[in-house]
Each structure stands twice: as C-alpha cells, then as structure tokens.
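A short reminder: the numbers here are calculations on the coordinates, not readings from a lab. This one's a predicted model, so the numbers in the text were calculated from it and none came from an experiment. Here the Cβ positions follow ideal geometry from the backbone for every residue, glycine too, while neighbour counts run over all protein chains shown.
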Amino acid sequence: MFSLLDQEKLKTFLKAKKIEAYRFGQINRALYQDLVSEIAEITTLPADLRALIKDNFFIHALTKIQSQSDKNAQSEKVVFQTETSEKIEAVLLKHLTGRITVCVSTQVGCPNRCLFCATGQMGFKRNLEFYEIVEQVLHFARQLKQTGQQVRNVVLMGMGEPLLNYPNVKKALQIINDQKCLGIGARHLTLSTCGIIPQILELARDFPQVNLAISLHAPNDALRTKLMPINLTYSLKELMQTLDQYVKITNKRIFYEYILLKDVTDTPELAQQLGQLLKVRLAHVNLIRYNQTDGITKLAPSSQKNILKFQSILEQYGVPSTVRMSLGEEIQAACGQLAGKNKFSITNH
C-alpha cells in the first residue's frame, strides 16, 4: 500500500494499469482542493477505479488521537499517531489579525537536544515521511473548510529539525507550494532550523522565496554550545558565514529566533553582542519569551522589563526586532513546548 499523496507512485501506478493520465489530475483536485478525506469521496472517478485505488493506496497515515484548544480558541494542538504507533504534534494558530497558521512537525522527537526545548528532551525516533508532513496541513485544511476558512501560512517549527530530514521536507514543501496542490505561496512558508549548514544552502537554491528562521538563541559560541549542542558541530562563525551566502543567493532577510531566559540570555551585554553580530546583516530578530515546560525546571522566563530593555539595545544597533506574541502556551503548544505534556515513549538512536 502506498500513500495517495505520493504523486510519483500514483503516476507510475496509473500508467502501469493503462489508466488515462487525466485521472491523476482528478485525484489531485479531490485531495488538495476538494479536501476529501476518503477515497470513496472522489466521485469524479468511476466506482471500479475508486475500488482499485482503495486496494492499493491510503489517504491517512496519521490518526488524530487527542486535541486541545485554549479558552480563546486561538490555538489548537493535535496529537497524531503514526502507523508505527509513534506520536507527533501539530498546532493550528489563529492570529488576531485573521491570519491562520499551521505549525507542523518533521521528525518524531529531535536529535538536537536543545536545553530549553521539550522535544529535544524526548530523544529521536525517526524522520517523518513527506506525506506525513503534508497530512498535518491537510487535517487542518479540512477542518477550516467547514467554517469557510483556509490555511494561509505553514511553519516548519514543530517537533524535529527540518534540515536533518531535508529529502522529505523538500517533497512536502513542493506539494504545499504547488498551485495544483495546496497552493500556499512560498512567502507564506517558513522553515526553522538550528543551523544545519549544508542543507541551508540547498534550501536557498531549491526554495529561494521560502522564509528561513534560524534558532540562534545566543550571540557567542560558549553560551550557544551550552544551550544547543549542535553548535559543537557547526560553530557560530561557520553558521554566520553560511547565512551570508544564503542572503547572497536569495536576497531575503533572515529571521533570527532568540529565546529570553532569565539571567542566562537576557543580559544587556548579550544584547550588545547580538547587536554587533547582526547590525551589518539583513536580519530581523524574533524575541521569544521562554514558555515554561514540564520536566525543565532550571530555566525561567525573562521579565517584561528585561525583554523591553534587550529590545531597546538592539534598536541602538539598528537591528529590527519583534517580541513574539505567544500563542498556545496554555495548552503546551507554544514555542519549545511540543511533547512537553504528553510523555511519549521515545528511544534514542
């Protein structure tokens, strides 16, 4: 059995069975525009072809087993179970501006072990297949269709490091972006990475219009290594040199994510170092208030006063920044919290 979202497998199957090529387009429209959830609903196909497709393909590789919304219905976290019984999470975010964003996972767990992130504490099980990534978006697209709404933005900021699963992420982005599929514009897609250098340049060449967000979180190697072990593999100097190349290729501003931890990352001295690092670069800093996470007790969020002070120092260096509004914290669905409350059995590889 194959996923019906696997376009190459579907084309090959239809050709082998000597089925007219236009049937591929009908199936695609049903999946991505009509947003059918069952093969039986693809009524543009004759009954015998629907039966043949059903015998060889499936739509759902994920099963929704739990969902939780905040009291203002601005965010909803869904826990999915894969066919191999692992659990992943995706989040729907409704902004006050009316913008609707889906945050998807790309791995089961994460190998990067960032100190402040719940997913990193789980360990790593496996990469998600591209169709498992796309299905997270489709789930919310179907749900929103019932109220006349649409997914406008997709961010790859859920569980996992997208650039460590780049072949599947690439296929997923192609489907999400394709006008004959979900048709979400590249400028409405954002990929967040800890800084996997080789794949950053691949992303620049493959998707020059997709937004890149870098999980920076520290302006020097000593602190970044304490917070993010990936810095031992790719130093800050190497990362910044690669990002300079990325900007030359894409001519796009990079978003730098910086978590504000009390007495750890929020000092004026660190703000000055960050300002020095980014003042000559095409950059925008997203300042993230640390979201308290089950099982991580040593860290505390910065005070509002310190956050604003930090931001004012960046302004002195001409570095634009935004204090990111936190959606989903109430239901453990905010930045760094995914899998924090659900104690999944994940084994390290």
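Points worth noting:
- To the nearest ten degrees, helix 197-206 and the longest principal axis of the Cα atoms of the chain are 50 degrees apart.
- Annotation: the antiparallel percentage among DSSP beta bridges lying fully within the chain is about 50.
- Neighbour net charge for Y32 - beta-carbon separation under 12 angstrom, K R +1, D E -1: +1
- Residue (of A141, C114, G158) at the positive-pole extreme of the chain, dipole from beta-carbon charges: A141
- FRET efficiency, 1/(1 + (r/R0)^6) with R0 35 Å, evaluated for E8 and T147 via beta carbons: 0.55
- Net dipole in debye of the chain [+1 Lys, Arg Cβ; -1 Asp, Glu Cβ; about Cα centre; nearest 20]: 400
- Each part gets one Cα centre, and for region 176-197 versus region 24-94 those centres are 19 Å apart.
- This model, with +1 at the C-beta of Lys and Arg and -1 at the C-beta of Asp and Glu, gives region 1-112 a dipole about its Cα centre of some 220 debye.
- Build a GNM of the chain with springs between Cα atoms under 10 Å apart, and of M228, M240, M122 the one that fluctuates most is M240.
- A straight chain from R29 to E238 at 0.36 nm per residue would run longer than the Cα-Cα distance by 70.9 nm.
- Over the chain: helical MRE at 222 nm, DSSP H runs n ≥ 4 each giving -39500 (n - 2.57), nearest 500: -10500 deg cm²/dmol
- Partners of K305 within straight-line reach, counting lysines whose Cα lies under 22 Å from its Cα and excluding those fewer than 8 residues away in the same chain: K262.
- Correct choice for Rg and Dmax of the Cα atoms in Å that was computed from the model, options [x] 20.3, 62; [y] 21.0, 69; [z] 23.8, 74: [y]
- Inter-label distance for T43 and Q68, nm, one decimal - labels placed 7 Å from Cα along Cα-to-Cβ: 3.9
- Highest-MSF residue in the chain out of N251, N177, N112 [GNM, Cα springs under 10 Å]: N251
- Most mobile listed residue (D48, D34, D266) in the chain, GNM with C-alpha springs under 10 Å: D48
- V323 long-range amide H proximity, modeled H, under 5 Å: L287
- J(HN,Hα) series, region 103-112, from Karplus relation 6.51 cos²θ - 1.76 cosθ + 1.60, nearest Hz, glycine and proline x: 9, 10, 8, 10, 9, 8, x, 7, x, 7
- Gain in span if fully extended, I19 to N56, counting 0.36 nm per residue against the direct Cα distance: 11.9 nm
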